[in-house]
Amino acid sequence: MYTYHVGEKFHADGDVRTYPGNTVICFANPDDAPYQVAVRIQHRVKDLAIFPKVVLMPPSSLHMTVMGLLLDAVRTPDYWTRHLPLTTPLAETDCYFIEQLATIPLPDNFRMRFGGFGNHNYLSFDLVPADEETHQAIWGLREAIAQASGVREPDFADYGFHMTLGYNLQTFTEAEQAEFDRFKVNINAELQETFGIFNTGKPHLTFFDDMFRFATLSERHTLHTRPHRHTC
């Protein structure tokens, strides 16, 4: 049975679908240990029986979402900015967020630690603030973004930070799930000791055509879902 990601973010064969939107993220740095750990875990997933049923994220797209903004395909009041009509073209929402978020001071870094290897129809590292200062900073930023952007999703207060490694395209059999559960136990024990601190660097307002590439403001003109004539 296919998961909800098929027909949404991906095709049944694993090819990525057009699924445009905008979001605030921190990119994983290829020179840092958490990025390298993520890539190693992706390679180890390839040895599992579940591998034909998942699609892995390109390493260049690995990131931690600070706060999701809009998805062009999800135009309902709970998941849209209250500052703009539901019919607003996505390119115009980009420009609005560029203007509004420019008023918010962005921290240079968040210190996050490994919180567990999760599977919620996607493969991910759960991430938690490493100290109270980080907790206050990241949730303060989320609140500032919510106020400036007009976006406050229903799960805003319960949001769990994470780094997505891949997505389940199909549900697992009982035997596959059992193997994957053993894998997670091993990974959790290993990474509690070795993951260290994920220094996220500065968060960025980004724009995307699909789940495989997140473009910064200077790269926004390269996206095929935004008219090239539409500049902010």
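Between helix 33-45 and the chain there is an angle of about 60 degrees, using the helix long axis and the longest principal axis of the Cα atoms. Placing unit charges on the Cβ atoms of the charged side chains and taking the dipole of the range 21-222 about its Cα centre, the candidate lying farthest along the positive direction among G201, L169, F97 is L169.
Which of the peptides 153-159, 212-218, 26-32 is most tightly packed, and how do the rest follow, going by the mean number of other Cβ atoms within 10 Å of each residue? The partial results should precede the final answer.
Details: 153-159: 10.9, 212-218: 14.9, 26-32: 16.6.
Going by the mean number of other Cβ atoms within 10 Å, highest first, we get 26-32, 212-218, 153-159.
Straightening the chain between H135 and D155 buys 5.5 nm, computed as 0.36 nm per residue apart minus the Cα-Cα spacing. Bridging of K46 to lysines at a Cα separation below 30 Å is possible for K9, K184, once same-chain residues fewer than 8 apart are set aside.
FYI, it's all coordinate maths here, none of it is from the lab. On a predicted model such as this, the values are computed, not experimentally measured, just so you know. Methodologically, a virtual Cβ is constructed for each residue, glycine included, from the backbone with ideal geometry; neighbour enumeration extends over all protein chains shown.
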